[in-house]
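Some notes on the structure that comes next.
The values are calculated or read from the model by the stated rules, or taken from the named source; none is laboratory data. Only a predicted model underlies this, so the values are computations on that prediction, with no experimental measurement involved. Note that we place each Cβ from the backbone using ideal geometry, even for glycine, and neighbour counts take in every protein chain shown.
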Amino acid sequence: MLKSKNLVFLGPPGAGKGTLSEVLLRDEKLAHISTGDILRAEIAQGTELGKSAKALMDQGKLVPDQIVADMVAARLTQKDCDEGFILDGFPRTVAQAKLLEEAAAKTGRTIDKVVLFDAPRDLLIQRLTARLTCRQCKASFNKLFAKPAKDGICDHCGGELFQRSDDSLETAQNRLKVYDEQTAPLIEFYTQNGLLATIDSSLPKDQGYAALLAVLNA
């Protein structure tokens, strides 16, 4: 049993949050909460929040932070979060982090720890521009750091792996720029709150996972 089980995973694109999440979720009974998944589910179920979000998206507008936070709050009330959860992709800004605090308080949940996945910028670029995606199950691999067992074949479903057109150097640099401007301020925010723990996610997967477990049990 982990000492810290209600988690936020924070870090730039390519830092390995998804890779180590997969390993942790195999070992621990945690709910994996992605705002993209929540948004799609709310829209599919036709909830009031889903209808509001869809109306905005149909107009080409961004879904406001408050609606996303309300969706996260609703998700945190579900039973599979009783054993703990990983929030991945939310919050992305300090404003969203403050809304998350309110959402968690409403549901009686608390954030135990925020884990910062830290890696050198040149390594992030390498990872982002060498990514492979499965056409069927959408699993991610990397030509340099997380190769599939068979070239071009997904380990999970046997689907075809391909490189997306947006996995270019220009796109990678832009994604990191957006992270620096919008999300990196969360490091200071969560440091001040006493919740931040940092791991070196440039390590090989097994060592990175050991480092993750160490901070979650500290």
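Some points to look at:
- For region 130-143, the count of residues that are more than 27 Å from GLU28 (Cα to Cα) and charged (D, E, K, R) is at least one.
- Residues (in contact with a strand residue (DSSP E or B) (Cβ under 8 Å, 6 or more places away or on another chain), touching a residue at least 60 places away in the same chain (Cβ under 8 Å) and among the basic types (Lys, Arg)) located in region 74-117: ARG109, LYS113
- Checklist (1) out of contact with any strand residue (DSSP E or B) (no Cβ under 9 Å at 6 or more places or on another chain); (2) of a type in the set (Phe, Trp, Tyr); (3) under 17 Å from ASP88 (Cβ atoms) applied to PHE145, failing item: (3)
- Of all residues in region 183-218, those satisfying the criterion of being assigned to a loop (DSSP other than H, G, I, E, B) and closer than 15 Å to ARG127 by Cα are SER201, SER202, LEU203, PRO204.
- Residue under evaluation ASP167, criteria (1) over 16 Å from GLY16 (Cα atoms); (2) surrounded by 13 or more Cβ atoms within 10 Å (Cβ to Cβ); (3) modelled with pLDDT under 95, criterion not met: (1)
- Here ARG131 fulfils each of the conditions (1) of a type outside the set (Asp, Glu); (2) touching a strand residue (DSSP E or B) at 6+ places or on another chain (Cβ under 6 Å); (3) without any contact (Cβ under 8 Å) to a residue 24 or more places away in the chain apart from (3).
Each row is one residue, and each column tells you yes or no for (1) of a type outside the set (S, T, N, Q); (2) farther than 22 Å from ILE33 by Cα; (3) surrounded by fewer than 12 Cβ atoms within 10 Å (Cβ to Cβ); (4) touching a helix residue (DSSP H, G or I) at 6+ places or on another chain (Cβ under 6 Å).
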position: ALA104; (1), (2), (3), (4): yes, no, no, no
position: ARG131; (1), (2), (3), (4): yes, yes, no, no
position: CYS154; (1), (2), (3), (4): yes, yes, no, no
position: ILE187; (1), (2), (3), (4): yes, no, no, no
position: GLN207; (1), (2), (3), (4): no, yes, no, no
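- Checking each residue in region 127-182 for being farther than 19 Å from PRO204 by Cα, within 21 Å of the chain's Cα centre (by Cα) and in a helix (DSSP H, G or I) picks out THR171, ALA172, GLN173, ASN174, ARG175, LEU176, LYS177, VAL178, TYR179, ASP180, GLU181, GLN182.
- Residue count for region 49-99 under the criterion of being part of a helix (DSSP H, G or I) and either surrounded by 14 or more Cβ atoms within 10 Å (Cβ to Cβ) or in contact with a helix residue (DSSP H, G or I) (Cβ under 9 Å, 6 or more places away or on another chain) (or both): the result is 27.
- Taking region 23-40 as the range and being part of a helix (DSSP H, G or I) and either under 17 Å from the mean Cα position of the chain (by Cα) or surrounded by 16 or more Cβ atoms within 10 Å (Cβ to Cβ) (or both) as the test, the residues that pass are VAL23, LEU24, LEU25, ARG26, THR35, GLY36, ASP37, ILE38, LEU39, ARG40.
- Flag if ASP122 is among the acidic types (Asp, Glu) and touching a Phe, Trp or Tyr at 6+ places or on another chain (Cβ under 7 Å): no
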